Structures are given as C-alpha cells and as structure tokens.
Amino acid sequence: MLTDFLSCSIRPDSPIGGRPIRWESRGGRRVRFSAVSAPFQHAVASLSWGEIVSERGRVVVVVLAGALALLIAVGLTLSVQRFLTTKLDTGGAVVTLPTVADHYPEQAAKPFAKPEQCGLDDATIRRLAPDAMEDDTELGCSFEIGIRSGSGLQGGLRVTFTTGAVVEVMRSYDLKTGQFMANQPDSFWQTVTGLGDEAVVGYSTLGHTGRAELHFRSGAVAVNVKYNIARSEGYDEAPLGKGPTVDGALQAAAEVAAAIGAKVDNPAIGVPENQAEPGLPAPDPCKVLDEANLRAAGVDPALVGPAAGVTLPGVPIKGCSWASTQGERSLRLYVTSFSAGRHRGGSAEAEREFARVYQSARKSSSTFYALRGPGEKAMAGYALEAGGSERGTAGRGEVVFTMRNLVVQVSYEGMADGGPLAEALALQPAYAVAKSVAARLPK
C-alpha cells in the first residue's frame with residue numbers, strides 16, 4: 001500500500017488577489033489544479049493549508065482555521081499561482097512540480113451566454129439582411145430575407161455557436177474547416193487575421209446565390225457565420241459578388257466576436273505573423289541528453305535504442321529509449337516537429353497536438369498536473385502500466401511540454417521492491433529530463 005504526501009507551499013511575500021487550489025475526484029482518480037480566481041470565502045472547500053494526505057481515496061484536509069477566518073473577514077482573495085508548487089515525497093524521493101491552473105478546462109468558468117441578436121447591431125442587420133425575419137434559436141440566430149421583401153435581395157445571414165471543452169471545440173473547428181482533409185482545395189478557405197484565436201473564410205456560388213462562410217474560434221467558443229445572398233429583381237437573379245459577400249460576413253463576425261469578448265483587430269484576409277514564423281529545429285532525441293543526465297535518471301547510456309511513432313494527424317515522431325542495467329527502469333524521449341499547416345503556423349499546430357495529448361492523459365492518468373514549465377505549456381501524469389515491465393505492473397511518470405513548433409514527451413517507468421514505482425520516483429526523473437531537454441533547445 002502506497003501513501004502519497006502532498007503539500008502546497010506559499011511564499012510569505014506572495015501578492016494578494018488570486019488562485020486557490022482545486023481538487024476533483026473522477027472515477028477514483030485524483031486530478032489537481034489551481035483553480036480560477038475567486039473570492040477567498042468561496043474557496044474554503046478547495047484550499048488547504050498544510051498537508052493533504054490521500055490513502056486509498058480518503059482525503060484528510062488540515063486547515064489553519066485562524067488564518068483562514070482572518071482572510072475571509074477582510075474579504076481578500078489569494079494570488080498563489082506564480083508560487084504554487086506540489087511536493088511529492090515517497091520513498092525518500094522528492095519532486096517539486098510548478099502546478100498552475102488547468103490549461104484546457106473541461107468546463108468553462110461560467111456558462112456561455114448567447115448575446116442578444118448574437119451581438120449584431122440593428123444597423124448591420126438592416127444593411128446585410130434588409131426586411132429580414134429573425135429566428136432566434138438556442139445555438140444562434142437567423143435573419144432570412146423573403147422573396148417578397150422588396151429589398152432586391154434574397155437569402156439570409158446566420159450565426160451559430162459551438163461551445164464546450166477547449167479541446168473539443170478545437171476539434172470541431174478543424175473538422176468544419178477541413179484542416180484534416182487532404183483533398184480540400186487550398187483556394188476555398190482563406191485565413192483571416194485580427195479575429196479571435198484563429199479564423200478562415202470561404203466564398204462559393206450555388207445557383208443564383210453567393211455564399212460566404214466564415215469560422216472563427218475564441219478559446220472554448222467557435223462561431224460560424226454564413227451570409228448567403230442573391231440579387232433578385234423581377235425574374236432576373238444573380239449571386240452577390242465575392243467582395244461584398246465576404247465583407248458582409250467579416251463585418252458580422254467582428255460584431256459577434258466583440259460581443260463574446262473575442263479578439264477583434266481590423267479583421268481581414270491575410271497571413272498571420274505566427275504562420276510565417278520560422279520553427280525550431282528538432283534535436284536528435286538520442287543525442288540531446290548527456291551521460292550525466294541519463295545516469296541521474298537511473299538508466300545506462302549504453303543501453304539505447306530508437307523509438308518512433310506517428311501522431312494522429314500523421315506527423316512523424318522521433319524518439320529514443322534507454323534501459324537500466326537490471327531492466328527494471330526505462331526512459332523514453334520523443335520529439336515532434338510541426339510545420340505550418342493550411343491556415344496556422346507550426347506553433348499553433350504543436351499546441352493542437354499538445355491539447356490532444358493533454359486531454360488523453362487527463363483521462364488515463366491516476367494523477368494529473370497542469371504545469372507552468374518547462375517550455376511554454378506543460379503537463380505531468382502518473383499511471384500504473386499493466387505489463388509495462390516483464391516482471392509485473394510498472395509505475396509510469398510522464399511529462400510533456402511545448403516549445404514553439406516542438407512537442408517533447410518524456411516517459412519514465414519501472415518497478416521497485418517488486419512493485420510499481422511510486423509517483424514521486426517515476427515523476428522525478430521524467431521532470432528532470434524534461435527540464436534538461438528544454439534548457440538545450442534554442443530560444
């Protein structure tokens with residue numbers, strides 16, 4: 001039976017105003033994040049001072065009631081994110097992880113509220129869809145121009161929202177914009193700058209109708225704007241041209257984005273700066289670590305072999321593995337380099353892969369941590385691997401981080417005293433190796 005001792009340390013001079021700790025229990029797993037900012041009096045259930053001891057799912061929280069009551073009385077909030085750490089101490093090994101708030105929350109801090117008229121101004125609606133009939137739905141808005149409206153136009157303007165976990169919204173955005181479709185014509189979607197986190201627009205004609213379709217994403221919200229318009233004068237019908245149709249979609253999308261708090265900075269068709277940025281060269285996984293790093297991790301530098309794979313989008317993964325002399329421990333290092341995609345740079349493609357791995361690890365790990373480093377975004381997880389070692393179940397610690405267009409994954413697993421490696425014994429070498437690799441990457 002293993003008992004993990006975890007404590008949070010807070011610097012005495014840390015500023016007031018911030019982020020308590022949140023614990024979640026999911027299917028018998030412990031998932032720990034520093035929570036979003038909240039008034040301290042609402043964080044009593046999630047913030048613990050002292051030690052949190054977990055033994056077979058039982059959690060005992062020791063609270064310094066006097067200090068807590070004092071802070072509640074003055075109505076202050078506590079900012080600890082910059083100094084938040086988690087110390088794991090098992091079997092004499094100690095590893096301090098710089099934990100932070102969940103990078104990709106499974107639930108938004110507050111439910112999404114659709115803005116009135118989807119954020120569109122009355123004047124904009126009258127100009128783009130004159131004499132339109134409005135249909136307000138739970139997922140969006142529709143403004144349809146009837147054939148007898150007298151405006152000389154026929155068609156409509158529609159806005160649809162997709163919300164949920166960030167990773168799921170990212171996937172939905174990619175599917176709707178053909179990011180994974182090799183046969184999608186490159187000329188159909190054009191990148192839009194200055195709108196949300198990412199955006200594209202496309203124009204086509206169908207019969208007598210000119211159709212502009214625009215997608216943009218801002219965090220955990222994706223928005224689809226469709227502007228389908230035909231000129232109808234008497235019996236003569238012709239599609240509205242690309243220029244005015246796309247401009248109409250851009251204007252509508254800008255107003256929607258502003259209403260939901262997304263980035264709006266003169267939206268236009270163009271190439272984002274980060275799409276053209278040069279990527280970092282991928283280091284050789286078998287050469288990036290020195291002998292001292294490997295021996296400190298408990299593996300033999302001579303017992304080395306290649307380890308490779310492919311990501312779900314089909315990007316090759318370079319890897320290397322090392323084993324201990326007795327065969328009870330193993331270390332694997334994987335490095336994946338992402339090139340610029342259809343409508344985003346290599347860094348954004350790397351973050352997509354990190355988000356996918358992040359979500360998968362959160363579901364499969366016994367314990368999971370969002371980290372502030374190494375790299376730009378990082379995570380750590382621990383799990384038991386049945387058959388991970390020839391001698392039985394192994395304990396596996398994993399650290400994954402991104403650095404611009406690179407995703408680096410470090411896995412350390414093994415056994416000790418006939419049983420799986422304890423959490424600290426598995427995560428300590430994985431985290432140390434990850435920091436060493438990050439320090440050797442170009443800045």
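The values are calculated or read from the model by the stated rules, or taken from the named source; none is laboratory data. All values reported here derive from a predicted model rather than from experimental measurement. FYI the Cβ positions are ideal-geometry reconstructions off the backbone, even for glycines, and counts take in every protein chain you see. Heads up: the accessible areas ignore ligands, DNA and RNA and are worked out on the full protein's heavy atoms, side chains in. Shrake-Rupley method; radii C 1.70, N 1.55, O 1.52, S 1.80 Å.
What the table shows:
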| read-out | value |
| --- | --- |
| Residue list for segment 320-335, filter: under 27 Å from the mean Cα position of the chain (by Cα) and aliphatic (A, V, I, L, M) | Leu331, Leu333, Val335 |
| Selection status of Phe401, under 25 Å from Pro278 (Cβ atoms) and either at pLDDT below 90 or aromatic (Phe, Trp, Tyr) (or both) | yes |
| Hits in segment 332-353 (condition: assigned to a loop (DSSP other than H, G, I, E, B), hydrophobic (A, V, I, L, M, F, W, C) and crowded, with 21+ Cβ neighbours inside 10 Å) | Phe338 |
| Residue among Asp265, Asp247, Asp197 that is modelled with pLDDT of 85 or more, loosely packed, with under 14 Cβ neighbours inside 10 Å and under 29 Å from Thr163 (Cβ atoms) | Asp265 |
| Lone qualifier among Arg356, Arg329 - being open to solvent by 60 Å² or more (accessible area, probe 1.4 Å) and under 27 Å from Ala101 (Cβ atoms) | Arg356 |
| Scan of segment 86-136 for residues that are under 30 Å from Ala416 (Cβ atoms) and at pLDDT below 90, ordered by number | Thr86, Lys87, Leu88, Asp89, Thr90, Gly91, Gly92, Ala93, Val94, Val95, Thr96, Leu97 |
| From the options Ala422, Ala426, residue that is at pLDDT below 90 and over 15 Å from the mean Cα position of the chain (by Cα) | Ala422 |
| Some residue of segment 175-194 being at pLDDT below 90, among the β-branched types (Val, Ile, Thr) and assigned to a loop (DSSP other than H, G, I, E, B) | yes |
| Failed item, numbered, when Lys287 is tested on (1) modelled with pLDDT of 85 or more; (2) open to solvent by 30 Å² or more (accessible area, probe 1.4 Å); (3) farther than 22 Å from Arg404 by Cβ; (4) not in a helix (DSSP H, G or I) | (3) |
| 1 or more residues surrounded by fewer than 24 Cβ atoms within 10 Å (Cβ to Cβ) and free of Cβ contacts under 8 Å to residues at least 60 places away in the same chain: qualifying strands (runs of 3 or more DSSP E) within segment 364-414 | 377-389, 392-403 |
